[in-house]
Every structure is written in C-alpha cells, then in structure tokens.
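First the structure, in the form of structure tokens, and then the observations on it.
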Amino acid sequence: MLEVRNLHATIAGKEILKGINLTVRDGEIHAIMGPNGSGKSTLSAVLTGNPLYEVTDGVVIFEGQDLLQMKPEDRARAGLFLSFQYPVEIPGVSMTNFMRAAINAKREYEGKEPLNAADFMKLMREKRKLVDLDSKLSRRSVNEGFSGGEKKRNEIFQMAMLEPKLSILDETDSGLDVDAMRVVADGVNKMHNDTTSAIVITHYERLLDMIKPNVVHVLYNGRIVKTAGPQLAREIEQRGYDWIKEAADAAFGE
Amino acid sequence: MSSEQQYIDLYTEAADLIKRHSAGVLNAVRDKAFADFKAQGFPSRKVERYKYTDMARLFAPDYGLNLNRLEIPVNPYQAFKCDVPNLSTSLYFIVNDSFYTKSLPQAYLPEGVIVDSLSHVAAEKPDFIEKYYAKIAQTGEDSITALNTMLAQDGLLVYVPRNVKIDRTVQVINILRSDVDLMVNRRVLIVLEEGAEAKFLFCDHASDDRRFLATQVIEAYVGNNAGLELNCLEETHYRNTRVSNVYIEQQSGSHVNHNVITLHNGVTRNRLDLVFRGEGAECQCNGCVIADKHQHVDNNTLIDHQVPHCTSNELYKYVLDDEAVGAFAGLVLVRKDAQKTASQETNQNLVVTRKARMYTQPMLEIYADDVKCAHGSTVGQLNDAAMFYMRQRGISEREAKLLLEFAFVNEVIDKMELEPLRDRLHYLVEKRFRGELNKCEGCKLCK
Amino acid sequence: MEEKNEKNAYVKQVAEQKYEFGFTTDVHTEIIEKGLNEDVVRLISQKKGEPGWMLDFRLQAFNHWKTLKQPSWGHVHLPEIDYQAISYYADPLAKKPVNKEIDPELEKTFDKLGIPLEERLALSGTAVDAIMDSVSVKTTFKEKLREKGVIFCSIGEAIKEQPDLVRQYLGSVVPYRDNFFAALNSAVFSDGSFVYIPKGVRCPMELSSYFRINARNTGQFERTLIIADDDAYVSYLEGCTAPMRDENQLHAAIVEIIVNDRAEVKYSTVQNWYPGDENGKGGVFNLVTKRGDLRGVGSKLSWTQVETGSAITWKYPSCILRGDNSVAEFYSVAVTNHYQEADTGTKMIHMGRNTKSTIISKGISAGHSQNSYRGLVRATANADNARNYSSCDSLLLSSECGAHTFPYMDIHNESAVIEHEATTSKISEDQLFYCNQRGIPTEQAVGLIVNGYAKEVLNKLPMEFAVEAQKLLNVSLEGTVG
C-alpha cells in the first residue's frame, strides 16, 4: 500500500522530517504517536502534497506509484485521504457542490461517468447516517459554522463518500468528547476491510482503544524512534514520552 | 478639437431639433444643463469622483445620435423571449434610448400604476414630471448628468401610487441596436409614493457589434415607508461604454435594495448618489464585477446620511482577470444631525493576474458623534488552505479555483431579494467564470 | 441630568485650559526683511556661509516654486498665505560672537520645555539638537557620538563639513519638485538636523531634536536628513512647540530618511505646535513633507507620531519600500480640539519583493475640529507578495467635530494582500457607565478610555516620550466628551 523511505521535508527552510521510514500494508492500521512538534502533522501534509512543505530527500511509493511526483488532487483520486486536524472553513461553497465536485473528479479519474443528481443525493444520505450528520449540514457551506465535533464528523463523512484506500486521520480525536469519538471510530471501523489501510495520528491512547492499530510508531524530532505492537500506546499513556525521548536523544546525539 | 467641444457644437447646432422631438417639460431644463456642461467640461482625473476613469477619452469618438427619433425597425418582443425560470415579470424594452410602446403588458399592473415612455407622460402630465425631473440629478454637480439632461429625449417613467405594491417584477431590457456607432442617452424616473413597493430588473444588452456609448440617468424617489428593489445587470460587449448615474432619495422608514452586476462590458462607470431625507430608512447597495481582457469597471458611490437613525450597507466585490481594471470609491457622508447612523461599507477584491489592477477607496466623512460606522477593504487572492483542502478531496486546481470564485461573488448575489433571479445569476456567473459567456448573444437571462 | 452638568463643567474647565508652552523668549533675534525673492534666497545662503552648489540647489528650487500655486486639496481650510509677509530667516544667536555660549534666556526656554540641553542635565541619555526659529542652537553629546562614527549635527554644519554626504542625499528622497511646500523649503530652509549612522553601527543613544518657533512673523523651514547605512540602527525623536501668537505661523519642513541594507530607523514625533486659541485664532500651519526611502534589502523604517498641536496639519510621513523584504510601519495618534484641522496619514509605496507595511492610525476629534486620515497604499507591478494591513479608527468626542477617513489603495500585482479597516464611533455609554459604576468620575474615565484607545501607538514611542505624549493627550482632551 504505502512505502516511505528516508523522507526529509522542510517548511520555510526549516527541516521538520529528518528521514522517515514507514511501510503500511493492505488492511493494516498504523498509529503514529509523539509529543507536540515532533512532525506528525508535517508527515500527513507531505504525504498529501501540501505545497507549503518542500520535500528535500526520500521516496514514497503509494500503490505502485511515485507519490511525490503526483499533484495533490491526483493523490486523492488514487485513494489517499486526509482527515484534517483543522478542517478549513470555505464560505459560500455548499457541502453538496463541494462533494459532487470531489466524487465526480474521482469517477472521471477512474474512467466512470459522473453520478447523476438522484444517485448522488442518495449516496449523500446513506453516508451521512454513518456518522450521524444532520441533513441540514449538507446545505451549509463547507465547515462554516460547524462545531469542532461536527467538523470532525464531516471529515469522516467525506471519507465514507470517497472510499479511499489509505486514510490518514490527523488528530481526529482532538477536541472530541467520548461520545463523539465513538461515532468517529465506528465510522472508521465500518469502512475498514482487508483492502484498505489507515494511519491514525494521535496524542492519546483513548482513540486507539476504539480503532485497534496493528502497529504503533513514536515520531520524535522528525524521525520514527520506536515501533512496537498496540501495547506501546498503553505504555506511553502510563509513562509519558520522556523515556523514549531520552533513548532517542542518546541515539541521535541531540 | 477637445472632447467636449463636439458636444457643445452638437447642441449649438441641434438644440432646436432636439427640442422639436421632445416634450416641453424635458426641454425646460436643457439650456441650463447645456450651460452647466459647458462650464464644467468633461471631468479630468483630478476631479476626485472621476479619478479612475478618463471621461474625455470615452466621449472623444464620433458617434451617431438618433435626435430625429426615427422609429425602431425591430419588435423586441419577438426578438427577445425573456423568461427567467420561475420569475414572471412585466417586460418592457428600451431600444437604444426609446421606450418601446407597442404591445405593452399593462394587464399585470395594479390600478393607478404607470409604466410608460417618459416622453409620452411628459407630454400628457407635464406638471407631474416637472415636479421630479432633473431635481435630484443636479446638472451643476456632474457633467455627465448635465450632458445626459441636455440630450435625453426619452426613457422610462414609473409611478406607483400610495400603498400600492407591484408584486410582479418590472423588467426593463435596454437593447442597443444599430448599424452605425451610436450614442444613446437614456433617462429613467421612478416615483414611489408613500407605502408603495416595486421591484425592478434592468438588463443592458447589445445586439450588434457596433461601438455603443450609453449615458443613463436614473432618478428614484422613494416615499415614506416605501420599498424599492433596483437590480441592474450589465451584459453587453467589449466595444460598449456605459456611464450610468443613479440618484436615489429615501424618505423616512423606506428601504432600498440596489444591486449592480457587471458580467460583460467594455468600459463601465456607475455613479450612485443615495440620500436619506427621512429618519429610520435603510439601504443595502451591492455590486459584483467580473472583468477580464481590457474591461474597465468603476463604481463610485456616495451615501449621504442627512438625518438620524438611518442604516446603510454596501458590499462590492470584484474579480479581475487578464488586464482588467477595477475601481471602487465609496464615500459615506454622515452629516451633523445624522445621529445614530449605522453604516457598513465593504469592498473585497480578487486580483487574478499581474496585469489586472484594482483601485479601492472606501471613505468615511463624519460630522455627527453618535454613530457606528465602519468600512473595510481587501485585495488578495484565493485562500491557500481552502485550495489545498479541495485538492485533497480530488478536486482539480482549476475546479477548486472556480468554486472559490463563485463563492466569492455569490455573497453579493445572495443579497438580492428575488430568489429566481439569484438562481439565474448563480448559473450565469458560473458560466461566466468557465469562459462560456464570451460575448453577449442577446439576452442571456433567457437562454 | 446631573451627570450632563458634570461633563459640561469639565469641558468648560478644559476649554479654558491654557496652552502650556505659550511663552516667548526675550532674546536678541536677527530677522531679515519680510518677503521672498531671489535676493532673499541668496542672502540666506550667504548668511549661512554655504558653498556654491548649495546656493544653486536653493535657486533651482526657488525658480520652480515661483511656477507653482499653493495647493488647496485635503480636508483643511488653508487660507491663501501671503508669502511676502513672512520673514524667511530668524537667528536668535546673531548678536553673539561665533563659538558662543548659549544665551541664558534661550537656555531658560529650553528648560521650560524640559529639554536637557546641558549634558549634566541629560540624565536620560538623549542627544539633543535644539532648533529655535531657524537656527540650530546646540547639539549635545556630539563628541560621544563621534567616537562611534555617528554624525549628529545641524544640517548647516553638515553642508560645510560633510558636503559629499549631503550632496549625495539631499533632495534624493523629497525632490524640490515634489510639491509646493517642498519647493519652498528647498529654497529657504535655514536649519535642521543631520544624522549619519555608518555601516554596522547601532546608535548608542536616542537622538532628539526640538523645534521651536519664537520670533513673530517668521516661518520655520527646517530640513532633516537621516542616513542609516548598511546594518545601522537609530532611533530619532522630534518635538515641537511654539509660543502663543494671534497670527498664524508657517512651518514647512522636510524630513528625508535613507535606509540601506538591513538598517533600521525609528522616527518618533510629538508635535505640539501652538494650536490656536479656543476660538480658532492663531496657531501654526504645519505643512510638512516627510518621506523615507527603504533602499536596502531587509531595511526597516517606523514612523510614530503623536499630533496634538497646530491650527492646520498637513502631513503624510511616507515610505518607499524599494528594497526586497523591507518593512515599514506608521503609527499615529492625531488629536484635534477647538478649531484645529488635521489631514494626516501616510503613503506606503511597495516596489520591492516581499515587502510589508503596517498602518495604525487613531484619530480623536473634539470641539469644532476636523480630523482626517488620508493614506495611500500602492503595490507596483513588481512588488510580489506585498503585504499591507491598515487600521484607521476615529473617536468622536463632540457633536460639532468631524472625523474622516480617506484611504486609497492602488494594487497592480496579483500576489499582493492588502487589508484596510476603519471604524468611527464615540466613547460608548456602556464603557463610561461601567467606569462610573466602579466609582471613576466621567472625566477620568474619558481620559482612561482615550489613553487606552491610543495605547497601541503610544507603546511604540520611546519611554520618555511616551510619558510626555500621554500627558499631552490628557491636557488636550480629558473630559471633552459632551
């Protein structure tokens, strides 16, 4: 599914990712944890092609394609989805028009006919139920005036609509109460199968109780410094990051 | 020869001809207008309100005029089948600067309402016209108004009696139709008595590829508690120059919603002077400009708060592509006695290319102390974060840009009260941005 | 009703408050004959012992000035000034021998103004160039600055001692053709300050000049030239006062600032020329051209002004952002009371790439005054990524005054982001009531609120100046709410 090798990236000349290596196979869920400022969101931004970041070294292969050579929209159409940590408000653009443009762009990429209005509305209704999203929201502008929880559910709703192969959930749990987190996690779990994968970026172990990862990585100072099974999340919850940081600082001499 | 000289010569030679084909009450102010025009000449760019448009240059070419009032050889009711879905209007035509009087849809109008040729009513009811004509449109203050007043022979008159509401929108299509380069001088007079209500949609179109120069003066009197919605849509072509001066006077408790949309044009200059004469009145004045190639659009507004407790809102948005030039200058004047004035003026602009230029000048001039006034102006680009968000959902860069551009101008369109018109404009704007409306092919509202 | 009375009483009290600096100094002053012609220009140049090139500069400007008419634009009522009724040179030192000690009377004047002329008094560590009428009286700390290579002297001295620098830069930012008053100043300027900060030098102290008009029927035409070479830094302060006179006095200055690569200049002004009396009689016409040229890459210029004086102010400290990555700021508080008229603001001309400017303007109008912000932001075709943020607020303290905002934005580049916002309001009754409820009387509450309103700008002033400016605001305004 995804193969990241020695990925380096900078923003405004400052190096944030300092050689990331990561392999995600079909059907796997990977959790990426780490203290603030370690580069977690940068990783998701670089993988999805945010033009603010510059890749200075490394290779990323996604479904056999050279991901870093692709435009952001082509990465999305190829099946890469990012649930944003801070979904942007887009005043004046209705959710319906926005989603229709996205769905039909993907279908065109796959060589399919655009969805007709009736089928599209039906699909919207179906997927909305997955995340318990109000029908009124689809008439509003994208994310405008949505509460924090609604924004996150809206991200998962879009994920359900677009049926990506690999989803990156960038701190989708932040700012959510337990009930809202449950709705989000259920949505993700319902969509998960042997052919789809996910990268779950989070600070807390709580979400990982609901979305069970196969592997847990710790990202610190631009590098993955520890990789282990699901029990690592619990350990971090109890002991914090300091023990990992110390080991990493010693290893990389920083 | 200076630009104004040819108009001075024209009037000197043709004043009698003009007057012979025109009503006495319109002729009564002609010589004064001529004197005012002669005294002022065309405004240079040093005149503050004409800083951004060179009038002398626009009026320099030689255009023909239909001073003999020759009859129009077309029946616009056959040429234009205008039908915005779900918007039934009472449809009228002004071909060049003549009101088309045949087959008028009078049946839709309530008792007492007059929608007719200005020159016709001026001949029939001179006392009534005399009371309103060229009163708020002062010829001593604007030489284009002076020029129009000195040359105008016809146009539209609308009268709505006390407490009468016209439900059906009055749609007026201004058609420019000529085989030679033509100058037209239109005149519109709207009188809404106390409690009257009316909605207008003026659409400017050019059916020929000739060069047209149109001057237009609209005077609108809005009585106590009356309501006026005045929508002006311009959709002509690049060889068309339009100078429109709109004067609105509001009495107490009245409300006005005025929208100016420029979709296609050559050079457009819109002046709006709105004055509050009675307390508790409100206005919402909006403009939306989509310009590319060498289009030039200059909106110049003055909201004059003369009395307390009035509210004004202005929202103007421009999208400028290629080498288009946009200008917005809006002055909100709050006079000494106009306490408790609330005013908000906003001008937002998207400049898409390096060669496009935007001049913006939102101004406040305030002489009363108990007021809440604000203005804001921005020039910028589309939001990068929104662009990336859309692209991450698989939407192409071009499509994302278009969606954001519609959203940008739709904010203005959504302030219009007529829902069917809003829907139609959303559609037209989208087509405009997609480059599918390259030139006017008649009435785009209808196709 | 009682509250209303309280306010009115306070307004009366403030209205009757006298201009604090309205004394004249009794010194022997040499004033040349009134009137302006070529001979007068030659005489000024001769009295100052100037070289030929300087005389040529003046004559060129004078000849151009003769072709111009006094401008009438702006939201002020500037009367036709009789330029032949003014004396263009007044020298309070004329009777003194060269190499003089300062006239004790004059020194008293500066003491009254609180200017530390004597170095032993200069505890604040500010170097001062004091200009009375037209002539630079004394520059303090000169030697100490020399050690660092900083040149701080009167422009007259610089013309003689630093002719190469002066010839290179004088008129290079504000050419005499710029406007009517710039031409006039270029022809007849008598003195002013000159500052040169060499490469890499941070000027070790605040530089300051005080301007005072003293003699009757004289104009003051000072000229300031500041050059910050690469990586240099200087903070420069300017203060102005004038005696109370029935007739209007003319002040037409030019300030030119050159900022080279990575250099930074801060220019602060507290302008308190005599504003005229409560009936609008007398007062200074303050018609000033101030401009900085940010020539260098990464250069920075910051204008801060507190304008409380003058009958008429016509002043737009401007920045030409020519160097890539240059940064310009304009912070202004303009207070008008009685019949004062101020038309002030700035121009930000973005020419280099990645340039950034900020405009914060606070207008406060009281009495029958008129207070206008007028500003231009232009991004030229090559000014990629130009950024401007402007915020212009007006506060109205009486129903007889006016507050106006005239911003102009000319954008010729698609990557520019320009934002302007402005609000006009009076002090809110809610705020006043809130203060009253906490036991603060209305007049004090107004003072608090106005100072809070202006704080964003006052904070940009050097410490000593900020205190002075705050006092000035209180004197000019407290309790004028009516």
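Where a number appears in this text, it was derived from the coordinates with a stated rule and is not lab data. Bear in mind the structure is a predicted one, so any value in this text is a computation, not a measurement. Neighbour counts run over all protein chains shown; Cβ positions are idealised from the backbone, glycine included.
Computed from backbone phi with θ = phi - 60° and the Karplus coefficients 6.51, -1.76 and 1.60, the 3J(HN,Hα) list for the stretch B:255-268 is 9, 10, 10, 10, 10, 10, 10, 10, 9, 9, 5, x, 10, 10 Hz; x is used for glycine and proline. All distinct Cα pairs of chain B go into the 1/r average, and the inverse of that average, the Kirkwood radius, is 22.2 Å.
Stretched out straight at 0.36 nm per residue, the stretch from C:LEU448 to C:GLN431 would grow longer than its current Cα-Cα span by 5.1 nm. Normalised by the number of residues in chain A, the average gap of Cα pairs under 8 Å and 6 or more apart makes the relative contact order 27 percent. Placing R0 at 41 angstrom, the Cβ-Cβ distance between A:ALA228 and A:GLU144 gives a FRET efficiency of 0.50 after rounding to 0.05.
Work out, step by step, the length gained on full extension between B:ALA28 and B:SER88: first 0.36 nm times the residue separation, then minus their alpha carbon distance; give nm to one decimal.
17.8 nm
Evaluated on the stretch C:216-325, the Kirkwood hydrodynamic radius is 14.7 Å, with distances taken between all distinct Cα atoms. Take the Cα of B:ASP337, step 7 Å toward its Cβ, do the same at C:TRP73, and the gap between the two points is 3.4 nm. Computed over the Cα atoms of the stretch C:35-94, pair by distinct pair, the Kirkwood hydrodynamic radius stands at 13.4 angstrom.
To the nearest whole number, what is the average tally of beta carbon atoms from other chains within 10 Å of the beta carbons of peptide A:68-79? If you can, show how the numbers build up before the last one.
Details: counts 0, 0, 0, 3, 12, 12, 3, 3, 6, 4, 1, 1.
For this peptide, the per-residue mean of nearby foreign Cβ atoms is 4.
Over chain B, what is the percentage of antiparallel beta bridges among all DSSP beta bridges, to the nearest 5? About 5 percent, rounded to the nearest 5. Hey, if you put +1 on the Cβ of every Lys and Arg and -1 on every Asp and Glu Cβ in the stretch B:203-316, which of B:SER207, B:ASN224, B:ASN259 ends up farthest toward the positive end of that dipole? It is B:SER207.
Applied to the stretch B:14-25, the Karplus parametrisation 6.51 cos²θ - 1.76 cosθ + 1.60 on θ = phi - 60° returns per-residue 3J(HN,Hα) values of 10, 3, 5, 4, 4, 5, 4, 9, 8, 6, x, 5 Hz, with x for Gly and Pro.
Between A:LEU52 and B:THR353, what is the FRET efficiency for a Förster distance of 25 Å, r being their Cβ-Cβ separation, to the nearest 0.05? Between A:LEU52 and B:THR353 the formula returns 0.65. Less than 5 angstrom separates the built amide H of C:ILE258 from those of C:ILE226, C:ILE227, C:ALA228, C:ASP293, all sequence-distant by 5 or more or on a different chain. For C:GLY276, the residues 5 or more places off, or on other chains, whose built amide H falls under 5 Å of its own are C:GLY283, C:VAL284. Within the protein assembly as shown, antiparallel bridges make up roughly 15 percent of the DSSP beta bridges whose residues both belong there. Close amide H pairs (under 5 Å, H built 1.01 Å from N) link B:GLY330 with B:THR301, B:GLN361, B:MET363, residues at least 5 positions away or on another chain. Summing Cβ point charges (Lys, Arg +1; Asp, Glu -1) relative to the Cα centre of the protein assembly as shown gives a dipole of roughly 1600 debye. Quote the Stokes-Einstein diffusion coefficient, in whole µm² s⁻¹, for the protein assembly as shown, based on the Kirkwood radius over alpha carbon pairs, a temperature of 25 °C and a viscosity of 0.890 mPa s. So the translational diffusion coefficient is about 72 µm²/s.
The simple spin-label model puts a point 7 Å past each Cα toward its Cβ; for A:ASP119 and B:ASP62 those points are separated by 6.4 nm.
Placing dummy labels 7 Å off each Cα toward the beta-carbon, the span from B:GLN138 to A:GLU246 is 8.4 nm. Considering the options B:PHE128, B:ASN66, C:SER235, tell which one lies farthest towards the positive end of the dipole of the protein assembly as shown, charges being +1 on Lys and Arg and -1 on Asp and Glu at the Cβ, about the Cα centre. About the Cα centre, the residue reaching furthest to the positive side is B:ASN66.
Selection among B:TYR7, C:ALA311, C:GLY276 by position relative to the dipole of the protein assembly as shown gives B:TYR7 as farthest towards the positive end (Cβ unit charges, Cα centre). Computed FRET efficiency, Cβ-Cβ of A:TYR109 and A:LYS136, R0 25 Å: what is it to the nearest 0.05? Here the calculated transfer efficiency is 0.25.
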